[in-house]
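Laboratory data are not the source of any read-out in this text; all were calculated from the coordinates shown. Please read all numbers here as calculations on a predicted model, not as lab measurements. With ideal geometry, Cβ positions are generated from the backbone for all residues, glycine too; neighbour counts draw on all protein chains shown.
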Amino acid sequence: MKKDDKKPFVLMMEGIVKRFPGVIALDRVDFTLYPGEVHVLLGENGAGKSTLMKILSGAYTKDEGRIFISNQEVEIGDPRTAQDLGIAIIYQEFSLIPHLTVAENIFIGREPRKKNGLIDWEVMKKSTQEILKELDADFGALTLVKELSVANQQLTEIAKAISTNAQIIIMDEPTATLTPHEIDKLFSIIRRLQDLNKSIIFISHHLEEAKEIGDRATILRDGKRVATVNVNESTIDDFIKMMVGRTLDEQFPKIYIDHGGEYLRVEGLSRDGFLEDISFSLYEGEVLGVAGLVGAGRTEMCRCIFGADPKTRGRIYVLGEEVIINTPKDAIKAGIGFLTENRKEEGLVLYMNIRENITLPILNSLAKSPLKIIDKNKQIEISNEYFNRLNIKAPSLERPVNELSGGNQQKVVLAKWLATNSKILIFDEPTRGIDVGAKVEIYELMNELIKQGVAILMVSSEMPEIIGMSDRIMVMCNGRITGLIDDRSCFDQELIMRYATAYRKKEVA
């Protein structure tokens, strides 16, 4: 790749190679970044995005290749060198200390000092306030980080990057935990950073966001650069084709089968302050999609059905028989499985391996009497069955799940519930944080499940997913069911949004 002498660049990475034992993670990758540009980095999990950015930010060292900052070749051997070169990275999991103030977090390790060596708290507070004002923040320098929303914690990370005079800011999945309103605000901040001639590298699985915020996009696949394109000259379908190496004839490969009898019936389910009079039925071989805005009560409903949270009143029937569910153990016994939206905290034990995670809910059945010793051969047999059936991409069953991609972690959670022979599965945001190729795999697994007669209750905040994979759609708002759409020909985003805002509380000025 030849350097573009006509247009100055703030960053050029040329022929970057990174090897791990048995794997070439990056294979001669090129990447450029211009002043004031938002350059989106796209690719499936495992494509090499994070590895490339870890090399740029000093967490990894390259094996081959060259890096230029403002036309000067540099060697980045550690994070401090990257920071000194004007590079900052904001990870999806923030590096903030909750019990310290915003100012203390922004200047930690770089506190301004008086002549006598003591920290100059006034200068630190004033500098922080100036940065926060520049970012239009609605909180102050002395606010404790633990009191901030996720969006404002992210804003604190951005303020920290500005305080180091970073010219290159890497944002890794910055919208993953934000509401639509918070995403709009983040994009406004990014545009403000562009006005300050800051350059942004934006990593995202959300292709619509790439179209909205990006100037150029680089697509990686299997450790190689497929293309760098102007965003306004490319379609989402173009991105998908480049990312997965094949045309996705149908992004949502939904199949339709005749539904059987009623598997689950919920009557008058309520939880004071969260849910009010929730009633619906779920049928054999059906995907019932649950739509709604953030705070609508969808997750709360799922947790009550599964016994993770207490209900105030209401009845639950499985196969026509009333079941008493006070704990998740009761739900599992009734044949209900729950793939939570927060798989890392609630769905998986991250330090345990794939085999141990898959068989967690069925350990009692694997225990040999009378000493209750786990039958490891049976454990391996069962976990291996689902490991292969779900095409979990890992070297072996013994790989810790914290080393897997998001899509493969989700497959392990699914395998865990399939091992219990659950006939009712609750999917809460089943494809959150996973790439487009892994999403299609999850959809195909859902198709296999409904062919086997499993009934699926699917909560999703992605409207195309709800429309594309549901047989019926139930809409919630403020803890109530506000709409039920039985006819697929009536599936429409505008109609769903009308139902989703039917009970919206008026904003307080």
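With bins 5 Å wide starting at 0, give me the P(r) of the range 81-160 over every alpha carbon pair, in whole percents.
For the range 81-160, the pair-distance distribution reads 3, 15, 26, 24, 19, 10, 3, 0.
Translational diffusion coefficient of the range 318-432 at 20 °C, 1.002 mPa s, Stokes-Einstein with Kirkwood Rh over Cα pairs, in µm²/s as a whole number.
146
Given contacts defined as C-alpha pairs under 8 Å and at least six residues apart, what's the relative contact order of the range 262-500, whole-number percent?
29
Quick one: which residues, 5+ away or cross-chain, put their amide H under 5 Å from the amide H of residue 170? H built at 1.01 Å from N.
Amide H neighbours of residue 170: 88, 89, 90, 201.
Decide, for the range 126-194, between rounded, prolate and oblate: order the square roots of the alpha carbon gyration tensor eigenvalues as a ≥ b ≥ c, take rounded if a/c falls under 1.5, and otherwise choose prolate if a/b is larger than b/c, else oblate.
It comes out oblate by the Cα gyration axes.
Starting from the 7 Å offset along Cα-to-Cβ, what nm value, one decimal, do you get for the label separation of residue 130 and residue 150?
Here the answer is 3.3 nm between the modelled labels.
If I histogram all Cα-Cα distances within the range 141-254 using bins 5 Å wide from 0, what percent of pairs lands in each bin?
P(r) for the range 141-254, in whole percents per bin: 2, 9, 19, 20, 18, 14, 9, 5, 3, 1, 0.
How many nm is it between the label spots at residue 181 and residue 238, if each spot is 7 Å from the Cα in line with the beta carbon?
Here the modelled spin labels are 3.5 nm apart.
Within the chain, what's the longest stretch lacking trypsin sites (Lys or Arg not before Pro) that sit in DSSP loops with no more than 14 other Cβ atoms inside 10 Å?
373-503
Beyond 13 Å, what percent of the Cα pairs of the range 437-483 remain? Don't skip to the end; give the middle numbers.
Working: 685 of 1081 pairs.
So the pairs more than 13 Å apart make up 63 percent of the total in the range 437-483.
Express in whole angstrom the spacing between the alpha-carbon centres of the range 286-335 and the range 12-69.
Using only Cα atoms, the two centres lie 45 Å from each other.
Holding the Cα-Cα limit at 20 Å, pick out from 62/211; 54/160; 241/439; 368/393; 54/224; 18/54 the pairs that are longer than that.
Beyond 20 Å between Cα atoms: 62/211; 368/393.
By how many degrees, between 0 and 90 and to the nearest 10, does the Cα long axis of helix 406-418 differ from the longest principal axis of the chain?
20
Pull out the extension gain between residue 123 and residue 402, defined as 0.36 nm times the separation in residues minus the alpha carbon to alpha carbon distance; nm, one decimal.
Separation in residues times 0.36 nm, less the Cα-Cα distance, equals 96.3 nm.
State the extension gain, in nm to one decimal, for the chain segment bounded by residue 138 and residue 375, taking 0.36 nm per residue of separation less the distance between their alpha-carbons.
79.6 nm
Report, ordered by chain and residue number, the lysines lying within cross-link reach of residue 311, taken as a straight Cα distance under 16 Å and ignoring same-chain residues fewer than 8 apart.
Qualifying lysines at Cα under 16 Å: 329.
Just need the relative contact order of the chain here, percent rounded to a whole number, with Cα pairs under 8 Å and 6+ apart.
15
Could I have the simple spin-label model distance between residue 224 and residue 84, label points 7 Å from Cα toward Cβ, reported in nm to one decimal?
3.7
Under the rule of -39500 (n - 2.57) per DSSP H run of 4 or more residues, summed and divided by the residues of the chain, what mean residue ellipticity at 222 nm is obtained, to the nearest 500 deg cm²/dmol?
Rounded to the nearest 500, it is -9000 deg cm²/dmol.
Could you give the length gained on full extension between residue 351 and residue 28, defined as 0.36 nm per residue of separation minus the Cα-Cα distance, in nm? Each step should come with its number before you reach the end.
Numbers: separation 323, 0.36 × 323 = 116.28 nm, distance 3.30 nm.
Gain on extension, residue 351 to residue 28, equals 113.0 nm.
Can you give the charge dipole size of the chain about its Cα centre, rounded to the nearest 20 debye, using +1 on the beta carbon of Lys and Arg and -1 on the beta carbon of Asp and Glu?
That gives a dipole near 1140 debye.
When the Debye formula is applied to the Cα atoms of the range 262-500, each taken as the same point scatterer, what base-10 log of I(q)/I(0) results at q = 0.17, 0.18 Å⁻¹?
Debye intensities relative to I(0), on a log10 scale: -1.29, -1.41.
Across 10 Å bins from 0, what is the distribution of all Cα-Cα pair distances for the chain, in whole percents?
The distribution over the chain is 4, 17, 25, 25, 19, 9, 2, 0, given as percents.
Output the 0 to 90 degree angle, nearest 10, between the alpha-carbon long axis of helix 436-451 and the longest principal axis computed from the alpha carbons of the chain.
Rounded to the nearest ten degrees, it is 0.
May I ask you to derive the FRET efficiency for residue 70 and residue 91 from their Cβ-Cβ distance with R0 = 22 Å, giving the value to the nearest 0.05?
Efficiency computed from Cβ-Cβ geometry: 0.35.
Sequence-distant or interchain residues sharing an amide H contact under 5 Å with residue 374, placed H: which?
Result for residue 374 returns 368.
In whole Hz, with x marking every Gly and Pro, tabulate ³J(HN,Hα) for the range 230-244 from phi via Karplus 6.51 cos²θ - 1.76 cosθ + 1.60, θ = phi - 60°.
6, 4, 6, 9, 10, 9, 4, 4, 4, 4, 4, 4, 6, 5, 9
Once phi is turned into ³J(HN,Hα) by the Karplus curve 6.51 cos²θ - 1.76 cosθ + 1.60 with θ = phi - 60°, what whole-Hz value does each residue of the range 470-475 show in order, with x for glycine and proline?
9, 8, 9, 10, 10, 10
Angle between the Cα long axis of helix 180-195 and the longest principal axis of the chain, 0 to 90 degrees, nearest 10?
10
For residue 63 and residue 322, what does the FRET efficiency come to when R0 = 56 Å and r is the distance between their Cβ atoms, rounded to the nearest 0.05?
Calculated transfer efficiency: 0.35.
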